[in-house]
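The values are calculated or read from the model by the stated rules, or taken from the named source; none is laboratory data. What you are looking at is a predicted structure, and each value in this text was computed from that prediction instead of being measured. Don't worry about glycine lacking a Cβ; one is built from the backbone with ideal geometry, like all the others, and counts go over all protein chains shown. Note: areas computed on protein heavy atoms with side chains; ligands, DNA, RNA excluded. Shrake-Rupley method; radii C 1.70, N 1.55, O 1.52, S 1.80 Å.
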Amino acid sequence: RQYDSAIYFCKAAVEVVQNTELSHMALKPARMLIDFYQNTNADSTVKYWKLYSAQNDSLNSTRNNQQIQMMTFEEDKRKRDIEAAKIEYQNKIRTGMLLGGLGVFSLVAFVLYRNNRQKQKTNHKLEKTLAELQSTQAQLIQSEKMASLGELTAGIAHEIQNPLNFVNNFSEVSN
């Protein structure tokens, strides 16, 4: 209830923060001065009312700007988040397709490898069988040669044996 001291300190507060970055702190002291001078001094009331209005408008416009900036920032952040999610989804699709392609490639490679191994085994068996057939063929040819030689020898022996038998029979008859 010490109005003189209150007025003094309110005026001092207004003067200290006026034209600084903290000028919005002059709102309460200016409002108190307006209330005090309202019924007694119209000039001071108008002076502090203008100061109060200017600071209030400045504060409100600053707050509005801050709110607009905050909303803009949040909207930009939301757009970045959406874009990041979209890129992440595309990366997941690419990774899935890459893994699928790799799986198909691996499957095809495995089938080709298995078929190649089977062909190699079959070729090895065929080569082995061919070598056995060639060996058997050589043996058959050798056997046929021996059989022909045996028949020839038998024929020659028979031809030699016939005259010899004739001679032996004649000699026995002669004896």
Can you give the charge dipole size of segment 122-175 about its Cα centre, rounded to the nearest 20 debye, using +1 on the beta carbon of Lys and Arg and -1 on the beta carbon of Asp and Glu?
280 debye
How high is the FRET efficiency from Phe170 to Leu149, r the C-beta distance, R0 30 Å, rounded to 0.05?
0.40
Separation between the Val16 and Ala138 pseudo-spin-labels, each 7 Å from Cα along Cα→Cβ, expressed in nm?
12.1 nm
Local charge sum around Gly100 (other residues, Cβ-Cβ under 15 Å, Lys/Arg +1, Asp/Glu -1)?
+2
With all protein chains present, segment 62-169 has a carbon and sulfur share of its accessible area (1.4 Å probe) in percent of 62 percent
First select every other residue whose beta carbon is under 14 angstrom from the beta carbon of Lys125; then total the charges, Lys and Arg +1, Asp and Glu -1.
+2
Which residue, chosen from Ala131, Gln69, Ala26, occupies the Cα position most advanced towards the positive end of the dipole of segment 17-175, where the dipole is computed from +1 (Lys, Arg) and -1 (Asp, Glu) charges on Cβ about the Cα centre?
Ala26
As an exercise, use a Förster radius of 41 Å and the Cβ-Cβ distance of Phe73 and Thr95 to find the FRET efficiency, rounded to the nearest 0.05.
0.80
Normalised contact order of the chain, rounded percent, pairs of Cα under 8 Å and 6 or more residues apart:
10 percent
Consider just the alpha-carbon atoms of segment 53-171 and return their Rg together with their Dmax, both in angstrom.
50.1, 171
Distance from segment 88-120 to segment 128-175 (C-alpha centre basis), Å
69 Å
Subtract the Cα-Cα distance of Asp43 and Val111 from 0.36 nm times their separation in residues, and report this length gain in nm to one decimal.
14.5 nm
Please work out how much accessible surface Met71 shows to a 1.4 Å probe, ignoring ligands, DNA and RNA, in Å² rounded to 10.
120 Å²
List the residues of segment 82-116 whose backbone N lies under 11 Å from a point placed 7 Å from the Cα of Ala131 along the Cα-to-Cβ direction.
none
Leaving out ligands and nucleic acids, note down the accessible area per residue over the chain with a 1.4 angstrom probe, in whole Å².
86 Å²
Provide, for the chain, the number of lysine pairs with alpha carbons under 27 Å apart, each pair being eight or more places apart or on different chains.
10
Solvent-accessible surface (1.4 angstrom probe) belonging to Asp57, in square angstrom, nearest 10:
100 Å²
